[in-house]
Amino acid sequence: MADNELIRLTELSHGGGCGCKIAPAVLKNILADLPPSFADPALLVGNDSSDDAAVYQIDNGQAVVATTDFFMPIVDDPFDFGRIAATNALSDVYATGARPIMALAIVGMPIDKLPVSVIQKILAGGAAACDAAGIAIAGGHSIDAPEPIYGLAAMGLVAPERIKRNDTAQAGDVLILGKPLGIGILSGALQRGELDDAGYQEMLETTTQLNKIGTALGGLSTVHAMTDVTGFGLLGHLLEMCRGSSLTASLDFSALPILPTARKFAEAGASTGAATRNWASYGHEVHLPENIPAWGQSILCDPQTSGGLLVACASHAVDSVLAMFHDCGFAATVRIGELTAGEAEVRVSSGDSA
């Protein structure tokens with residue numbers, strides 16, 4: 001197997017990207033009966049919420065952020081797979097408002113199926129993403145695994161007063177989404193051999209765009225809560241914000257940014273198994289209008305790999321937050337809804353998209 005061009009990484013795994021995540025309902029059952037963790041007053045953000053990373057205060061002015069994320073191939077090109085996986089892992093640091101400082105590689109490879117050159121390209125892709133973030137991969141751990149797995153354990157620093165959580169949104173906040181949706185649908189099209197070069201470029205540009213703006217958003221008192229949209233889809237991660245903050249989200253479907261090629265596939269009936277599992281896990285907490293497009297549910301639940309930041313900010317700060325996103329190269333960033341007092345649920349309106 002010296003010619004790595006003959007190897008399709010996506011054929012070596014049973015799932016890809018954040019679509020590999022355990023379904024929300026199943027994960028809830030797994031975690032339900034775990035004993036309580038040691039109560040450490042320095043642990044500012046732990047597993048008592050659904051936040052993206054843990055945060056530990058080390059002195060009055062600094063806290064360390066720690067997170068890990070890894071998955072199986074979402075694309076066949078090894079370098080691109082490494083870039084996407086590393087970008088996705090670093091997003092959890094940015095979502096807390098922190099600045100990443102270093103990472104460790106998590107590597108599991110089927111040594112009997114992949115030549116060394118392919119594995120080297122995966123690691124090089126991850127290193128390239130970390131270079132773009134201004135950090136080093138300082139080490140890691142590797143195993144011989146039946147399927148390719150790559151990701152990072154990433155660390156960052158943040159001042160305690162700049163920490164952003166996903167459960168601190170306020171009634172009256174406006175919801176802003178940083179990247180367009182549809183990565184899961186494009187991934188499925190790629191695996192079926194139906195994704196053209198233009199669609200692949202859409203997918204690659206989105207999944208390799210670092211959410212660096214999260215560090216700057218950490219300095220804004222008008223940004224009350226933040227998370228990133230990944231495997232549970234927009235609805236799943238928005239529901240986590242609603243549950244943690246005890247608020248109702250009103251979502252304007254017509255405002256959602258959707259990757260053009262993904263929209264075409266969705267309109268033609270394409271979906272993913274992960275989207276179906278997501279809806280089965282939390283659909284009872286979502287109100288969809290009767291006139292929503294037939295493909296709407298699939299987009300709302302579509303698993304995003306290296307997705308955009310979901311921000312809850314004060315209404316008077318919307319224009320400045322949007323300008324920050326746009327100035328940082330997030331052209332698709334838009335206002336998608338708002339939060340009000342009420343039950344922890346999401347109410348979707350169809351807008352003008354029906």
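The values are calculated or read from the model by the stated rules, or taken from the named source; none is laboratory data. Computed from a prediction, not measured in an experiment: that's the story for all the values here. Because the Cβ atoms are built from the backbone with ideal geometry, glycine has one as well, and the counts that use them run over all protein chains shown. Please note that ligands, DNA and RNA were not included when accessible areas were found on the heavy atoms of the full protein model with its side chains. Shrake-Rupley method; radii C 1.70, N 1.55, O 1.52, S 1.80 Å.
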Are any residues in segment 143-159 part of a strand (DSSP E or B) and either open to solvent by less than 10 Å² (accessible area, probe 1.4 Å) or more than 22 Å from Gly15 (Cα to Cα) (or both), and if so, which ones? Tyr150, Gly151, Leu152, Ala154, Met155, Gly156, Leu157, Val158
Quick check on segment 254-278: of everything there that is among the basic types (Lys, Arg) and at pLDDT 95 or above, which residue is surrounded by the most Cβ atoms within 10 Å (Cβ to Cβ)? Arg263
For the list (1) within 27 Å of Cys313 (Cβ to Cβ); (2) touching a helix residue (DSSP H, G or I) at 6+ places or on another chain (Cβ under 6 Å), I need the number of the one condition that Lys121 fails. (1)
Looking only at segment 168-191, decide whether some residue is under 30 Å from Asp59 (Cβ atoms), in contact (Cβ under 8 Å) with a residue 40 or more places away in the chain, surrounded by 21 or more Cβ atoms within 10 Å (Cβ to Cβ) and not β-branched (Val, Ile, Thr). yes
Within segment 216-246, residues open to solvent by 10 Å² or more (accessible area, probe 1.4 Å) and over 16 Å from the mean Cα position of the chain (by Cα) come out as Ala216, Gly219, Leu220, Ser221, Thr222, His224, Arg243, Gly244, Ser245, Ser246
Given the conditions (1) at pLDDT below 95; (2) open to solvent by less than 80 Å² (accessible area, probe 1.4 Å); (3) not aliphatic (A, V, I, L, M), which single one is not true for His14? (2)
Could you tell me how many of the residues in segment 56-78 are over 28 Å from Gly218 (Cβ atoms) and not hydrophobic (A, V, I, L, M, F, W, C)? 4
Is there a residue in segment 113-120 that is touching a strand residue (DSSP E or B) at 6+ places or on another chain (Cβ under 6 Å), open to solvent by 10 Å² or more (accessible area, probe 1.4 Å), at negative phi and touching a residue at least 24 places away in the same chain (Cβ under 8 Å)? yes
Inspect segment 129-138 for any residue being over 24 Å from Glu205 (Cα atoms) and open to solvent by 40 Å² or more (accessible area, probe 1.4 Å) and give the result as yes or no. yes
Could you go through segment 198-211 and let me know if any residue there is part of a helix (DSSP H, G or I), among the hydroxyl-bearing types (Ser, Thr, Tyr) and open to solvent by less than 10 Å² (accessible area, probe 1.4 Å). yes
Does Ile22 meet the test of being modelled with pLDDT under 85, part of a helix (DSSP H, G or I) and open to solvent by 40 Å² or more (accessible area, probe 1.4 Å)? no
Please specify each residue of segment 321-353 satisfying the condition of being of a type outside the set (D, E, K, R) and farther than 18 Å from Leu181 by Cα. Val321, Ala323, Met324, Cys328, Leu339, Thr340, Ala341, Gly342, Ala344
